[in-house]
Amino acid sequence: MRILIKGGTIVTASEEFQGDVLVEGETIRAVGQHLNLPADQVIDAAGKYVLPGGVDQHTHFSALCNVGDQDTAGYETTDAVVVGGTTTVVDYAPQDPKTGLLDSIDYRINVRAKDKACVDFALHGMVTEIMDSMFDEIAQFPEKGISSIKIFMAYNGSPLLVDDGTFFRILECSRKAGVTVFVHAENGEILDFLRRQCVKNGQTTPHYHYVSRPPFTEAEAVRRAIYLAGQTDTPLYIAHMTCRPALEALLQAKGTGQRVYGETCTHYLTTTKEVLDNPDFDEAAKFVCSPALRDQEDCDALWAALNSGLLNAVVSDHCGIDVANLKQVGRNDFTQIPNGAPGAADRMHMIWTEGVAKGRISRQKFVEITATQPAKINGIYPRKGHIAVGCDADLVILDPDYRGVIHLEDNPNGVDYNIYEGREQLGRVETVLLRGRVVVRDAQFVGEYGQGQFIPAKMYGSCYENRG
Ligand code: DUC
Ligand code: ZN
Ligand code: ZN
């Protein structure tokens, strides 16, 4: 099957030009101007942008959310993600209970995602229970195609917390295997104290979620993580950065030449903490995520950090946690609300709307932070995240003239809310190809459940290459 996409404006992270893309089978065969090559199907992209399919390197599908034994929404809900223009996710593979890293990864590929995933997926290992065996397991990541591991410096009192000694050992063995270490950087001990103090004082509404997670707790952990990673010379990737003091720490470390990188999330760029003040518990609880939402000045600093290259990617940190069900556990005590919100289906539209259409970032920057850099960081580039001969034909055709409003019912995400409900949408993903197949037409899913494949990553992702 050959598909010719004609007359669009092709945008990559480094250039933009009017041209055509020829797709054959699963791969891009030609990119150029006036390609008059035979094709089974021609898609007219005049007046539209042709972009690499989005790569969301931070999602949590089908992951235990620490409330009973219930999972977050599963891979069958990634139909909404591909409708939103993301064709690959790098999903977290937390350890299943009493299970090692590698078995949890296998189970995710062979059971959790099988016959369900609508997007291609790579995986990050994720420590959720410290085991002696995990250091040897990291050494085996290259055979499995896993190029990264995430650890938590927060969540004291839960098995998620990784103490500094274990963190140090993980840094050491990750560097030997070419694995990039991702860190959830918040000072768990101070958070634990502040949260307990709120509850003791009867301060139990979601408003106290952000009161008890002040920016300095994030900045301190970022500084400590950077310092420890510097001792082992391991590239460090800081997940979901939110605020100015944390960005300052990243900037200083980069200035010394240390290999440190960071991402932020759609919601930290577009939504401020006042949503947590809503007296309606359900409305406020939707926005309980960690780190907490911040001020407008922090949002502005995050946009600036994307433009300067200080931050490398925008991710969704998608967690499919129903508000009518799982979030209710914290109705009388915000500390019990499971952290996280859905957003993988809206990341591309929200960043295009608030970033490109409103003049905060260029189109090339958009491609860089939503697709190309995430693919490079995770060792799946140039197969993913780029438009060139030989790349997977993961392509998005976006109509910049669309004007609308985001509604959950227009692209149901498998969760009972959308944190961007009612927000303005400028531009829309109309058509999506996943490895050469049209899976979204007229902004509707026309693909198949199970079309998504596991994409093994190469070790020594881009965080190993660059210094400073
Ligand atoms: N960290 C994440 O990365 N996602 C959800 C909650 C959390 O603490
Ligand atoms: Zn985290
Ligand atoms: Zn996350």
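Taking the accessible area of region 367-468, probe 1.4 Å, and keeping the other protein chains in place, the carbon and sulfur fraction comes to 45%.
Couplings 3J(HN,Hα) of region 81-98, computed from phi: 5, 6, 4, x, x, 9, 10, 9, 10, 10, 8, 7, 10, x, 5, 6, x, 6 Hz, in residue order, whole Hz [Karplus 6.51 cos²θ - 1.76 cosθ + 1.60, θ = phi - 60°; x for Gly and Pro]. Applying the Karplus relation 6.51 cos²θ - 1.76 cosθ + 1.60 with θ = phi - 60° to region 258-273 yields 3J(HN,Hα) values of 5, 7, 10, 9, x, 10, 10, 10, 3, 5, 6, 8, 10, 9, 10, 5 Hz, where x marks Gly and Pro. In units of the rule-of-thumb radius 2.2 N^0.38 Å, region 80-158 shows an alpha carbon radius of gyration of 1.17. Taking 37 °C and 0.692 mPa s as conditions, the chain diffuses translationally at an estimated 149 µm²/s according to Stokes-Einstein applied to its Kirkwood radius (Cα pairs).
Counting only heavy atoms of the protein chains and using a 1.4 Å probe, LYS376 has close to 80 Å² of accessible surface.
Which links in LYS150/LYS176; LYS254/LYS384; LYS176/LYS376; LYS254/LYS365; LYS150/LYS254 stretch past 23 Å when you go from one Cα to the other?
As for pairs spanning more than 23 Å Cα to Cα, those are LYS254/LYS384.
A convex hull fitted to the Cα coordinates of region 259-417 yields 144 cubic angstrom per residue. In square nanometres and to one decimal, what's the mean projected area of the convex hull around the Cα atoms of region 154-208? For the Cα atoms of region 154-208, the hull's average projected area reads 4.6 nm². On a per residue basis, the chain carries 36 Å² of accessible surface, using protein heavy atoms and a 1.4 Å probe.
Compared with the direct C-alpha span, the chain from GLN70 to SER158 gains 30.0 nm at full extension, assuming 0.36 nm per residue.
Sequence gap at least 6, Cα distance under 8 Å: using those rules, report the relative contact order of region 1-130 to the nearest whole percent.
20 percent
The mean sequence separation of alpha-carbon pairs under 8 Å and at least six residues apart, normalised by the residue count of the chain, gives a relative contact order of 22 percent. For region 204-217, 3J(HN,Hα) computed residue by residue from phi via the Karplus equation (6.51, -1.76, 1.60; θ = phi - 60°) reads 10, 7, x, 3, 6, 4, 7, 4, 8, 10, x, x, 5, 5 Hz, glycine and proline entered as x. For GLU430, the amide hydrogen comes within under 5 Å of the amide hydrogens of ILE397, LEU398, ASP399, counting only partners 5 or more places away or on other chains and with H modelled in the peptide plane.
One equal scatterer on each Cα of region 8-48, no solvent, Debye formula: the resulting log10 I(q)/I(0) at q = 0.15, 0.34 Å⁻¹ is -0.36, -1.33. Expressed as a rounded percentage, what relative contact order does region 313-449 have, with Cα pairs under 8 Å and six or more residues apart? With pairs under 8 Å counted, the relative contact order is 22 percent. Helix 296-308 and the long axis of the chain differ in direction by around 50°, with both axes built from C-alpha atoms.
The values are calculated or read from the model by the stated rules, or taken from the named source; none is laboratory data. What you see is a predicted model; the values in this text were computed from it and never measured. Heads up: the accessible areas ignore ligands, DNA and RNA and are worked out on the full protein's heavy atoms, side chains in. Shrake-Rupley method; radii C 1.70, N 1.55, O 1.52, S 1.80 Å.
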